[in-house]
Amino acid sequence: MASRYTIDDYAPRSQFLTDSFQRGLAHWNRERLAPGFPQEDWHLRLELDMKMLRLERAFLEHLRADIKDEAALAPTDPDGFVAWFENLKEVGPGQGDPLFPWLAERASRDELRWFFEQEAAGEAGFDDLVAFTQVKLPVSAKLELARNYWDEMGRGNRAGMHGPMLDALVETLAVDPVIEKTVWPSLALANAMTAMATSRDYAWHSIGALGVIELTAPGRSAMVAKGLRRIGLSDKQRRYFDLHAVLDIKHSADWNREALRPLVDEDPARATAIAEGALIRLGCGARCFARYREALWQESR
């Protein structure tokens, strides 16, 4: 079975943050997570998967090395940790990035379309990430992730599902979110989130990464929604971003109370892993915002 992925085995650290590496990892993630059937050459597929898992782990450890010292400073008592975590909304990487006021007030329709195309192509699927992460979690955290997942699923109503809302906005803006046209920081964010959610020894990291999305996304979503309103999109067409601007505030409070606090109370060592996951996610987001600004602001000059 020939490899479709153009990644060299045991890639040096300098190769992780590149188009070719992240696109190869993104294609592999898309194929390995898609439902399928048993194949005659399954043993060759397993060999390829082992190679890719080594590369995925090396990439994740590369990201972790950048933030582990900062994460080690997070308190390990429940009250102190939740306070530290919630403060990431103010001081975490990428917070207050000037990209989002610009999207709200100045970006053209084509610039908003390009931004959304990048975001849609790099979307890992919050619902699926939550589903992977919740496996075998302690009861309180598992229930909170279940409630969150149920909201993502529209509480059983297709019209309320977040994924189809995103798909509808793709059609409205007539964008083509494909891996080949996506900048590597957007792919790296999705690849890192997928790696943490699907690796059980990074389950606590995934909880931190998912929780910090709920914590920090509402303000950015509100500004994107404002930009979409400015270029003429209706309430229905903007619903994906409008919903996240409001709903994620409650999700974040519930996540911190029902998942983070009891998990850290039960085992303080989890605080450091959760902190690492949150900082990895925020760091990946900050790289995205910087790359988007580079592309959009250079184009608009």
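General observations
- For the stretch 258-301 and the stretch 82-151, distance of Cα centres in Å: 9
- Packing-based exposure ordering (other Cβ within 10 Å, fewest first) of His62, His162, His251: His62, His162, His251
- The charge dipole of the chain, taken about the Cα centre with unit charges on the Cβ atoms of Lys, Arg (+1) and Asp, Glu (-1), comes to about 580 debye, rounded to the nearest 20.
- Taking the chain and dividing mean pair separation by its residue count, relative contact order in percent (alpha carbons under 8 Å, at least six apart): 29
- Within the stretch 107-246: Cβ-based charge dipole about Cα centre, in debye rounded to nearest 20 (Lys, Arg +1; Asp, Glu -1): 400
- Residues considered: Gly219, Gly232, Gly94. Largest GNM mean-square fluctuation over the chain, using C-alpha springs under 10 Å, is found at Gly232.
- Rg and Dmax of the chain, Cα atoms only, in Å: 19.0, 55
- Note: relative contact order over the stretch 189-286, using C-alpha pairs below 8 Å and six or more positions apart, is 47 percent.
- Between the listed residues Gly277, Val224, Ala71, the Cα displaced farthest toward the positive end of the dipole of the chain, a dipole computed from Cβ unit charges relative to the Cα centre, is found at Val224.
- Taken over the Cα atoms of the stretch 191-301, the convex hull encloses 109 Å³ per residue.
- The chain: most fluctuating residue of Ser234, Ser199, Ser108 per GNM, C-alpha cutoff 10 Å: Ser234
- Cross-link partners of Lys51 among aspartates and glutamates, defined as those whose alpha carbon lies under 14 angstrom from its own and excluding same-chain residues fewer than eight positions apart: Asp8, Asp9.
- 16 Å Cα-Cα reach of Lys226 towards lysines, excluding residues that sit fewer than 8 places from it in its own chain: Lys236
- Extreme residue, positive dipole direction of the stretch 136-294, given options Tyr149, Ala197, Ala168 (C-beta unit charges): Ala168
- Taking a straight line from the alpha carbon of Lys68, these lysines sit under 24 Å away, with near neighbours fewer than eight places off in the same chain left out: Lys89.
- GNM result for the chain, Cα springs below 10 Å: residue of Val224, Val130, Val246 fluctuating most strongly: Val246
- Per residue, the convex hull spanned by the alpha carbons of the stretch 138-235 comes to 136 Å³.
Bear in mind that the values in this text are calculations on the coordinates, not laboratory data. Bear in mind the structure is a predicted one, so any value in this text is a computation, not a measurement. We place every Cβ from the backbone using ideal geometry, glycine too, and count neighbours over all the protein chains shown.
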